[in-house]
């Protein structure tokens, strides 16, 4: 049974991306750790604990679309590392009735997977993926299962190429202020 009720629950992978103390009062945050399994487990536990009206994911991402920068509002998420051909096309879980993509109100397409993208992937381009992360698909999957609306804002830290690791380390905390500004606008 839920211990408490919150309007907005933020799920972020790492505290280095978004510090708890900068959040407006009344907003709860949980840190999932990296990857889809951690994000799914944390999302389930947090929904049980906080019974949120809405879930917001904030995190860092690598860009596939070279034109993009800054803070982006996600409109669709797909799973980039589900590769079970020939049982199902890439991105689709075989023998699974659940959706293979989840939609929200933003405009950008995110591809989630349990790998840090450091090289070009033609499939991502063919699917119209704008940016890549490691948690959002799992968060959206769990939110959808619980019929809770989700939103996601991603801050571009790197170009999803061979220098992405260094770029991410340098910029992991650069999106916090932009996100807090956006959050205050949304809550006012």
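Tabulated values for the structure
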quantity	calculated
Computed E for residue 20/residue 119 - FRET, C-beta separation, R0 22 angstrom, nearest 0.05	0.05
Sorted by Cβ neighbour density within 10 Å, fewest at the top, the residues 118, 42	118, 42
Which of 10, 148 has the fewest Cβ neighbours within 10 Å, and the rest in rising order	148, 10
Overall form of segment 104-185 per C-alpha gyration tensor (a/c, 1.5; a/b vs b/c)	oblate
Antiparallel bridges, percent of DSSP beta bridges restricted to the chain (to nearest 5)	25 percent
Taking segment 110-187 and dividing mean pair separation by its residue count, relative contact order in percent (alpha carbons under 8 Å, at least six apart)	31 percent
Sites residue 144 and residue 37, calculated FRET efficiency, Cβ-Cβ separation with R0 22 Å, nearest 0.05	0.80
Per-residue Cβ neighbour rank within 10 angstrom, fewest leading, 76, 154, 63	76, 63, 154
Global form of segment 45-184, assessed from the alpha-carbon gyration tensor, a/c cut-off 1.5	oblate
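Where a number appears in this text, it was derived from the coordinates with a stated rule and is not lab data. Note that the structure is a prediction, hence the values are computed from the model and not measured. Note that each Cβ is placed from the backbone with ideal geometry, even for glycine, and that neighbours are counted across all protein chains shown.
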